[in-house]
1. According to a simple spin-label model (label point 7 Å from Cα along Cα-to-Cβ), what is the distance in nm between ALA37 and ASN80?
2. Report, in debye and to the nearest 20, how large the dipole of the chain comes out about its Cα centre when Lys and Arg carry +1 and Asp and Glu carry -1 on their Cβ.
3. Once the Cα gyration tensor of region 27-68 is diagonalised, what are the square roots of 5 times its eigenvalues, in whole Å and ordered largest first, as equivalent ellipsoid semi-axes?
4. Please turn the phi angles of region 62-73 into ³J(HN,Hα) values with the Karplus equation 6.51 cos²θ - 1.76 cosθ + 1.60 (θ = phi - 60°), one per residue in order, whole Hz, x for glycine and proline.
5. Quick one: putting +1 on the C-beta of Lys and Arg, -1 on the C-beta of Asp and Glu, what dipole do you get for region 27-68 around its Cα centre, in Debye to the nearest 20?
6. Of VAL14, LEU66, LEU35, whose Cα points farthest to the positive end of the dipole of the chain (charges on the beta-carbon: +1 Lys, Arg; -1 Asp, Glu; origin at the Cα centre)?
7. Under the 0.36 nm per residue contour assumption, what length would be gained going from the current alpha-carbon distance of LYS67 and ASN9 to full extension?
8. Could you sort out which of LYS12/LYS46; LYS16/LYS46; LYS46/LYS67 sit more than 25 Å apart by Cα distance in this structure?
Amino acid sequence: MTDSNQNSNPPKPVLKFEDKSYDMNSLPDNVKELLKALQVADAQVKMHQDTINVLGMGRKALGLQLKQQLGEVAPIEEENKED
């Protein structure tokens, strides 16, 4: 018994952009370079989003530590506090 996927050709890579499909193999080199640049830009955006998420978690942890530490400190009385 043979696997039918072994004998068939792999599917052609297709670019889908703005509701249109394009054969990747037949695109001009300048278009392929633009696609590579978009992929790099997407990867950089993802990396920076991940960095922002990590920084946000760190900031939250620092805030919790600050709250805990300030719990041991007596606050000053506000002079102009109106009820």
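FYI, it's all coordinate maths here, none of it is from the lab. Bear in mind that the values here come from a model prediction, so they are computed numbers and not experimental data. Don't worry about glycine lacking a Cβ; one is built from the backbone with ideal geometry, like all the others, and counts go over all protein chains shown.
1. Inter-label distance under the simple model: 5.5 nm.
2. The dipole magnitude comes to about 620 debye.
3. In descending order, the three semi-axes are 40, 4, 4 Å.
4. 5, x, 5, 5, 4, 4, 5, 5, 6, x, 9, 10
5. On the way: 6 positive and 4 negative charges, 74 e Å.
Taking the Cα centre of region 27-68 as origin, the dipole is about 360 debye.
6. VAL14
7. Details: separation 58, 0.36 × 58 = 20.88 nm, distance 6.25 nm.
In short, 14.6 nm is gained.
8. The answer is LYS12/LYS46; LYS46/LYS67.
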